[in-house]
1. Being within 13 Å of the ligand (Cβ to nearest atom), buried (at least 16 other Cβ atoms within 10 Å of the Cβ) and of a type outside the set (A, V, I, L, M, F, W, C), is that true of even one residue in the range 215-222?
2. From V149, V139, V165, which residue is surrounded by fewer than 19 Cβ atoms within 10 Å (Cβ to Cβ), β-branched (V, I, T) and either within 30 Å of L74 (Cβ to Cβ) or away from the ligand (no atom under 13 Å from the Cβ) (or both)?
3. In the set R104, R69, which member is of a type in the set (K, R), within 12 Å of the ligand (Cβ to nearest atom) and surrounded by 13 or more Cβ atoms within 10 Å (Cβ to Cβ)?
4. Where residues in the range 38-52 are part of a helix (DSSP H, G or I) and open to solvent by 10 Å² or more (accessible area, probe 1.4 Å), which of them is farthest from the ligand (Cβ to nearest atom)?
Amino acid sequence: MNSFRDNSQNKKIVIAVDGFSSGGKSTFARLLAARLGYIFIDTGAMYRAVTLYGIEHGAIRNGVPDRERLVGMLGEIDITFRFNPARQASDIYVRGECVEEKIRGIEVSAAVSSVSSIPEVRRKLVAMQQQMGKDKGVVMDGRDIGTVVFPDAELKLFMTADPGVRARRRYEELRARGEDVSLEEIERNIRERDRADQEREVSPLRKAADAVVLDNSGMTLAQQMEWIEPILAERLGKA
Ligand code: DC
């Protein structure tokens, strides 16, 4: 398992993981990062953090952002990541407060698509992401990583799964956290986000021409890791 990590001959690369919401991107990307000893960056968490801040500071009401107000707040949001050894992953902080839990709720989920379609928000977060990945050795998960943030990434993955499968996964996740949601509501939210992600004008979700597709509908995490091995060997060999 540690052959790549222990091999100092290997140059570090950038791995972009893009795809639809609740498609298991984060879980897979986190494990991949651990596998290589790379940093994992969940860019969706950054759009969620901006959304949460907007909700808590009156710039988003009933799921609708007051664009000018929210853009005016961008300078004060101050997003940072801190490694949490218990999770073996980084937690996201806004102005020093850990918001890892809060950003996963349904209220943020319902408003985040509108927030992520604001060009000024994207410009700011993309610049932060490019800065975080400039020394390579990162696995970054999002929607536009292979197309906009790191168009030269050495490895680009595009993850997809059946919407019904994704809705079921998300439903179980939220129920486990005690949220009172219905499967129908989740599936509606997922389909709506798929549509919004693909149809928005700025950086719509699309597969980069050179991305490798992983449809994980019927695959376990272990099977996905097995699937990626030869691709990793090839890309790391080239780097
Ligand atoms: O991956 P996620 O569900 O946590 O992402 C939350 C929202 O943020 C989703 O609606 C799409 C948006 N997003 C984006 O526009 N660009 C990214 N790089 C990551 C997420």
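The values are calculated or read from the model by the stated rules, or taken from the named source; none is laboratory data. What you see is a predicted model; the values in this text were computed from it and never measured. No Cβ is skipped: glycine too gets one built from the backbone with ideal geometry, and neighbour counts run over all protein chains shown. To get the accessible areas, we keep the full protein, side chains included, count just its heavy atoms, and leave off ligands, DNA and RNA. Shrake-Rupley method; radii C 1.70, N 1.55, O 1.52, S 1.80 Å.
1. No: the range 215-222 contains no residue that is within 13 Å of the ligand (Cβ to nearest atom), buried (at least 16 other Cβ atoms within 10 Å of the Cβ) and of a type outside the set (A, V, I, L, M, F, W, C).
2. V165
3. R104 is the lone residue from the list that is of a type in the set (K, R), within 12 Å of the ligand (Cβ to nearest atom) and surrounded by 13 or more Cβ atoms within 10 Å (Cβ to Cβ).
4. That would be L52.
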